[in-house]
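The structure appears below as structure tokens.
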Amino acid sequence: MPHCAVTLEELLADFNLTAARWQAFFAEHPQAADATTDIAHSTRVSDLVWHICAVSYRHSERLLGLPVTDLEALHPQKTLDSAWKLHATAAENLAQFLAQAEDETFDRVATFNTRTAGEISGTYRKLCLHLFIHAIRHWAQIGPIVRQNGFTPNWLQDIFFSTAIP
């Protein structure tokens, strides 16, 4: 028997809360965004933040059936400010998608070309879940990088401590 431990709407709430916390953190500690990394073809943490937000944005467009934006053309400068704008639009798109999606919507299959892994296919359920887990995974990678560079976030980062999920 399937069990739903968390809803996609709750994951969206955590997605927004986590991004807001990191946005405030980097506003207070802008030099932390310059910490180096090699994750997801990034060289600095700010590039990785941009990657998180850009992937979320593009997948949210896919979920809504919109043309997928060429972000390199739209944002040649990958700044934190542009990343937060991408996140805000992705969150709006996701809220719209979840509000209008019927149960059968999640069983539809999306096939698209990725920037690094070629053509892939998966259900909308899988794509939506990937979007959230992708962000969670990369935020979890950023935590130790900024701590190792002398900047400690002031919140517990495990999803267990999220106030967005009861």
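Once the C-beta distance of Lys126 and Arg44 is scaled by a Förster radius of 35 Å, the resulting FRET efficiency is 0.70 to the nearest 0.05.
Which angle between 0 and 90 degrees, to the nearest 10, do you get for helix 45-64 versus the longest principal axis of the chain when only C-alpha atoms count? The angle comes out near 10 degrees.
Residues whose amide H lies under 5 Å from that of Ala110, counting only those 5 or more places away or on a different chain, are Gly122, Thr123, Tyr124; hydrogens are built 1.01 Å from N in the peptide plane. Averaging the Cα positions of each part gives two centres, and for region 111-145 and region 9-49 these lie 16 Å apart.
Normalised by the number of residues in the chain, the mean separation of alpha-carbon contacts (under 8 Å, six or more apart) gives a relative contact order of 30 percent. Rounded to the nearest 10 degrees, the inclination of helix 80-100 to the longest alpha-carbon principal axis of the chain is 20 degrees. Diffusion of the chain by Stokes-Einstein, at 25 °C in a medium of 0.890 mPa s and with Rh set to the Kirkwood radius over alpha-carbon pairs, works out to 148 µm²/s.
Which value in Å does the Kirkwood hydrodynamic radius of region 119-162 take, with 1/r averaged over all unlike C-alpha pairs and then inverted? Computed over Cα pairs of region 119-162, the Kirkwood hydrodynamic radius comes out at 12.3 Å.
Multiplying the residue separation of Gln31 and Asn149 by 0.36 nm and subtracting their alpha-carbon distance yields 41.5 nm. Taking every DSSP helix (H) stretch of at least 4 residues in the chain, weighting each as -39,500 (n - 2.57) and dividing the sum by the residue count yields a mean residue ellipticity at 222 nm of -18500 deg cm²/dmol. Comparing Glu92, Glu102, Glu119 in a Gaussian network model of the chain (Cα springs below 10 Å), the most mobile by mean-square fluctuation is Glu119. Couplings 3J(HN,Hα) for region 108-121, derived from phi with the Karplus relation 6.51 cos²θ - 1.76 cosθ + 1.60 (θ = phi - 60°), are 5, 9, 9, 10, 7, 8, 9, 6, 10, 10, x, 7, 9, 9 Hz, where x marks Gly and Pro. Applied to region 133-141, the Karplus parametrisation 6.51 cos²θ - 1.76 cosθ + 1.60 on θ = phi - 60° returns per-residue 3J(HN,Hα) values of 5, 4, 5, 4, 4, 6, 4, 5, 6 Hz, with x for Gly and Pro. With each label modelled as a point 7 angstrom along the Cα→C-beta vector, the Leu74-Asp107 pair spans 3.2 nm. Relative to the longest principal axis of the Cα atoms of the chain, the long axis of helix 8-28 lies at roughly 20 degrees. For region 150-161, backbone phi angles converted through the Karplus equation (6.51, -1.76, 1.60; θ = phi - 60°) give residue-by-residue couplings of x, 10, 9, x, 9, 9, 6, 8, 5, 4, 4, 8 Hz, Gly and Pro being listed as x.
Inter-label distance, Ile159 to Thr116: 2.1 nm, where each label sits 7 Å from its Cα along the C-beta direction.
Values in this text are rule-based calculations from the coordinates and carry no lab data. Because the structure is a prediction, the values reported are computed rather than measured. Reconstructed Cβ throughout: ideal geometry from the backbone, glycine too, with neighbour counts over all protein chains shown.
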